[in-house]
Amino acid sequence: MEKMLIEGGRPLKGTVKVAGAKNAALPAIAACLLTGGWHCINHVPKLKDIQTIKSIMTKMGVVFQEGDGVLKINSDEIKEYVAPYDLVRTMRASILLLGPLLARLGRANISMPGGCAIGARPVDLHLKALSAMGVEMFLDKGYINAKVEHLKGADIFFDIPTVTGTENIMMAAVRAKGQTVLRNSAKEPEVSNLAQMLRSMGACIEGDGTDTVVIEGVQGLRPAQDHTLIPDRIESGTFMIASTITGGEILIDGGRHDHLASVIEKLQSAGTQIEKREQGLFVRGPEAIQSVDIETMPFPGFPTDLQAQFMALMCVAKGSSVIRETVFENRFIHVSELKRMGADITIHGNQAMVRGKDHLLAAPVMATDLRASASLILAGLVARGGTTEVRRIYHLDRGYEALEKKFQNLGANIRREKA
Ligand code: EPZ
C-alpha cells in the first residue's frame, strides 16, 4: 500500500492541465462494444478505473491499442459477455457494459455491483428500464443474467436522475427497434459527451443535456473515428479548491466555466477570484476564506463529487457552514478523518455543520473513497505542525492522474511513499 506525505503551508502557483474526464471515459469505452471496427478515443486519462474496464473487456475479446492519451478499441470478436465479480466489485461502473452488450449480442452476464463506501448504490433503475425494453433478467449467484431477442424502444421515467442509468439505457436504445424516450434523465456533461460519441457512430439521439432524451433506434452503427473526452470537471474543481484553500494562483488549463457554474458561484462567495481565460479558468485564492453553505444536487447543481473537497475548505473558513449531501446516503466518511486534523464538524443526518478554524493540524489519516482522499490531501496542504500522512491512496489513483506530480509542479511539498 502507498501513502502520501504532505507538508502544508505553501500557496500553490502555476498552471495545471486537466486530464480527460474519468466519468466520460468509462461510458465511452463501454460504447465501443456496440459495433465492430476500430474506434478511437482521445484525451483518455491514465487511471486505475480505466485499467479495470479494459481488463474486463479484454477478457470478452476486445482489443485495445494505447497511445499517448489516445485509445484505439476493436470489438470485432466478442467471445464472451461476462463481467466477473472480482473486477466489478472494484469498479461499480462496470454496470455500463450491460446496455451495449444487450444491444450487440442480446446477452450479458454482469456481476451485480456491490455497494461502496458512499452508499448502497443500487442499479434497480437500470434493470427496470431494461425490462421495459424487453430484457429478461434473473439474479444467479450474484450475477445479473440478462437476455433479449431484440431490444425494443420504450418510454422510460427515471425515479431519480441516474447518471450511469441514463448512459446505460441510451446505449441500449441506439440499436433498439423503435423510439426510446428517457424522462427525468441525468443532464451531466458526461451524458452529453457520450451522446456526441454515439451520434458520431450513426446513432439518432436528441435532448441529451436536458431531462428528456429521445433515441430513434437505427439498424447499423459505425465505429467512433475521433471522439474526444471532455476535461474532468471534478479534477478542475479540486484544483480550484486547492488554489482557494492555499491562497494561491492557479491557471486551470481545460477548466470549463459551463461545467462548473455552481462551483464557481460558491467559491466566489467564499472570496475566490475566478476569471475565464482562453486556456481555461484562472483562480486566485482570497486572504480570508468566507464560510458558504452548499447542498449537493444533480447537474447543474453543486456536484456531490466535490462535497468532500469543499468541506475541507470550510474547515478553515471564517464562520460556520452547513453542507447538505442529497445524492448519496453515506458520503461523510471523510468527516472523522478531518476531525483527526482538528476540524470542528458535527453531523445531523445528511447535514454537516462545519465551524471554521484558524488552521488544521498535520496528522496520519486514512482515505476511504476516491473523493475523500482528495479532501484529505487538500487539508494536508494547509495543515500545520508537521507532516500529514494520507494512507490507502489506491482510492485516489482510481480517479486522479498523477495528482502528487501536479501538486508538486504547483509548489506543494507532497510525495508518495510505500507505506
Ligand atoms: C455517477 O455514479 C458517477 N460515476 C459518480 O462519480 C457520481 O458521484 C454520481 O454519478 C452522481 O453524480 C460515474 O459516472 C462512473 P447515480 P452513478 O446513478 O451513476 C441512486 C466518482 O467519484 N440510484 O447518478 O452510480 C443512487 O443510489 C463517482 O467519480 C438508485 O437508487 O450515480 C444515488 O443516490 C462516485 N437506483 C442517486 O441515484 C439506480 O438504479 C444518483 O446515483 C441508480 C441510482
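When you look at ASP124, is it open to solvent by 60 Å² or more (accessible area, probe 1.4 Å), under 26 Å from GLY217 (Cβ atoms) and within 22 Å of the chain's Cα centre (by Cα), yes or no? Considered against the rule, which asks whether it is open to solvent by 60 Å² or more (accessible area, probe 1.4 Å), under 26 Å from GLY217 (Cβ atoms) and within 22 Å of the chain's Cα centre (by Cα), ASP124 comes out as yes.
Filtering region 316-364 to residues that are of a type in the set (A, V, I, L, M, F, W, C), open to solvent by 50 Å² or more (accessible area, probe 1.4 Å) and farther than 21 Å from LEU267 by Cα leaves ILE347, LEU361. Residue-level check: of (1) modelled with pLDDT under 95; (2) open to solvent by less than 10 Å² (accessible area, probe 1.4 Å), LEU370 misses just (2).
Criterion applied to ARG331, ARG340 was being within 16 Å of the ligand (Cβ to nearest atom) and not assigned by TED's automatic domain parsing to the domain that holds CYS116, and the one residue passing it is ARG331.
Assess whether ILE294 counts as being within 20 Å of the chain's Cα centre (by Cα), in the same structural domain as HIS259 (by TED's automatic domain parsing) and away from the ligand (no atom under 14 Å from the Cβ).
It is true that ILE294 is within 20 Å of the chain's Cα centre (by Cα), in the same structural domain as HIS259 (by TED's automatic domain parsing) and away from the ligand (no atom under 14 Å from the Cβ).
In this structure, PRO161 does satisfy being in contact with a Pro (Cβ under 8 Å, 6 or more places away or on another chain), modelled with pLDDT of 95 or more and either in the same structural domain as ALA203 (by TED's automatic domain parsing) or in a strand (DSSP E or B) (or both).
Among the candidates ALA224, ALA270, the residue that is open to solvent by less than 10 Å² (accessible area, probe 1.4 Å), more than 16 Å from the ligand (Cβ to nearest atom) and not assigned by TED's automatic domain parsing to the domain that holds LEU403 is uniquely ALA224. Residues that are closer than 18 Å to PHE328 by Cβ and in contact with a strand residue (DSSP E or B) (Cβ under 9 Å, 6 or more places away or on another chain) are absent from region 130-137 altogether. In contact with a Lys or Arg (Cβ under 6 Å, 6 or more places away or on another chain), within 15 Å of the ligand (Cβ to nearest atom) and not in a helix (DSSP H, G or I) - does that describe any residue in region 144-153? Among the residues of region 144-153, not one is in contact with a Lys or Arg (Cβ under 6 Å, 6 or more places away or on another chain), within 15 Å of the ligand (Cβ to nearest atom) and not in a helix (DSSP H, G or I), which makes the answer no. MET137 falls short on exactly one of the conditions (1) without any contact (Cβ under 8 Å) to a residue 12 or more places away in the chain; (2) surrounded by fewer than 16 Cβ atoms within 10 Å (Cβ to Cβ); (3) not basic (Lys, Arg), and that condition is (2).
The values are calculated or read from the model by the stated rules, or taken from the named source; none is laboratory data. The structure displayed is predicted, hence computed values, not measured ones. Don't worry about glycine lacking a Cβ; one is built from the backbone with ideal geometry, like all the others, and counts go over all protein chains shown. Accessible surface is based on the protein model in full, side chains and every heavy atom, while ligands, DNA and RNA are left aside. Shrake-Rupley method; radii C 1.70, N 1.55, O 1.52, S 1.80 Å.
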